[in-house]
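Structure record follows, encoded as structure tokens.
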Amino acid sequence: MISVIVTCYNYGHFLMETLQSIKDQSFSDWECIVVDSGSTDNSGDVVKQFEKSDKRFKYIFKADEGVSAARNAGLKICKGEYIQFIDGDDQIEVNKLQSQVDAFSKNPKADIIYGDVRFYDNGNKDVLRTSLKGDKPDNWMPRISGSGDVVFQLLKRFNFLVTLSPLLKRSVIAKTGGFNESIPALEDWDFWQRCALSNFYFHFNQSENDLSLVRVHEASLSKRRELMLLGNFYLLRYRINDSSVHIKDKLFFLFKYVELFWDTAFSGNKLPRSGFILFALCALFFPFWILIKLYRLR
């Protein structure tokens, strides 16, 4: 069985399409747990309509403690052998679950199966693009299969796995402990990095009608620049302090940290408390970069 965990906060106007895309799946052995993080709109009413007609749906209402806490709440009660995450404004094509379950059967060493993703602007679902802003070449997303450093070296540079693209074995959650609830944004990027560092095997799979569809709208988290910046700082700090990260990769994350610190004009209110300490440490490792930046300010 697949446990589909849907997270929602005031997405009642999108939720109908999201849940219908799950109900329409060609693979039928699933449960869908909708975790509502304190919505004040009609989200609960939408889910209860599905609950009445299909016992595979379950609705949970909890206080808003962030999307990571919502996903972890769903993980605590789910029963499936496989886990699928979906945000309450996105959808999956009709063959997504079946395609990836079949891929697990054909690739028994795989822990995480992922596929292609498409983005679209709200209200314009007929026009799909391969990247969030449509500013990348169509082949920007790596289609690789592998584990450990092969995957981590890509994931350390950019997140090519949107939250709903992968289907993962339950054992992945048991080892990683789920999502880090202290990261305000980019928590999925942190999670996939930790999966790579834990040597889980990622497998790319593509079939017909199995796309993950990401809706882009004004309330999307990706539109909240300051929150994304803060999440980036937290993520970099965690990798710098991560004992499982090789020293050469720590230096990479340290450099990215100081670069981001500089680009935000030393805005301390956007940083963890250790921000200035890490910046000073960066000055020791990258003195020439600091000098060049200071020279260009003249």
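A few remarks follow.
- Annotation: Asn122 fulfils all but one of (1) touching a strand residue (DSSP E or B) at 6+ places or on another chain (Cβ under 6 Å); (2) open to solvent by less than 10 Å² (accessible area, probe 1.4 Å); (3) closer than 27 Å to Cys32 by Cβ; the unmet one is (2).
- Ile113 satisfies every condition listed in (1) touching a residue at least 24 places away in the same chain (Cβ under 8 Å); (2) in a loop (DSSP other than H, G, I, E, B) except (2).
- In this structure, Glu31 does satisfy being within 18 Å of Arg170 (Cα to Cα), open to solvent by 10 Å² or more (accessible area, probe 1.4 Å) and acidic (Asp, Glu).
- Exclusive hit being of a type in the set (Phe, Trp, Tyr), at pLDDT 95 or above and touching a Cys at 6+ places or on another chain (Cβ under 7 Å), set Phe57, Phe50: Phe57
- Inter-residue pairs, beta-carbon under 8 Å, first assigned to a helix (DSSP H, G or I) and in the stretch 98-109, second surrounded by fewer than 20 Cβ atoms within 10 Å (Cβ to Cβ) and at pLDDT 95 or above, 6+ apart: Gln98/Ser26; Gln98/Phe27; Val101/Phe27; Phe104/Lys169
- Residue count for the stretch 131-173 satisfying the condition of being more than 21 Å from Ile86 (Cβ to Cβ) and not β-branched (Val, Ile, Thr): 21.
- Neighbours by Cβ (under 6 Å, 6+ apart or cross-chain): first from the stretch 7-21, open to solvent by 70 Å² or more (accessible area, probe 1.4 Å); second of a type outside the set (Ser, Thr, Tyr): Met16/Val46; Glu17/Gln91
- Residue match in the stretch 94-108 (condition: farther than 13 Å from Ser212 by Cβ and β-branched (Val, Ile, Thr)): yes
- Against the criterion of being of a type in the set (Val, Ile, Thr), in a strand (DSSP E or B) and under 20 Å from the mean Cα position of the chain (by Cα), Thr18 does not qualify.
- For the stretch 230-249, filtering for residues that are within 19 Å of the chain's Cα centre (by Cα) and either over 12 Å from Glu187 (Cα atoms) or hydroxyl-bearing (Ser, Thr, Tyr) (or both) leaves 4.
- The single residue among Gly74, Gly80, Gly134 that is outside any loop (DSSP other than H, G, I, E, B) and touching a residue at least 12 places away in the same chain (Cβ under 8 Å) turns out to be Gly74.
- Qualifying positions in the stretch 46-93 - open to solvent by 40 Å² or more (accessible area, probe 1.4 Å), out of contact with any Asp or Glu (no Cβ under 6 Å at 6 or more places or on another chain) and among the basic types (Lys, Arg): Lys48, Lys52, Lys55, Lys58, Lys76, Lys79
The values are calculated or read from the model by the stated rules, or taken from the named source; none is laboratory data. Everything quoted here is computed from the prediction, not taken from an experiment. Reconstructed Cβ throughout: ideal geometry from the backbone, glycine too, with neighbour counts over all protein chains shown. Just so you know, the surface numbers come from the protein's heavy atoms only, side chains and all, with ligands and any DNA or RNA stripped out. Shrake-Rupley method; radii C 1.70, N 1.55, O 1.52, S 1.80 Å.
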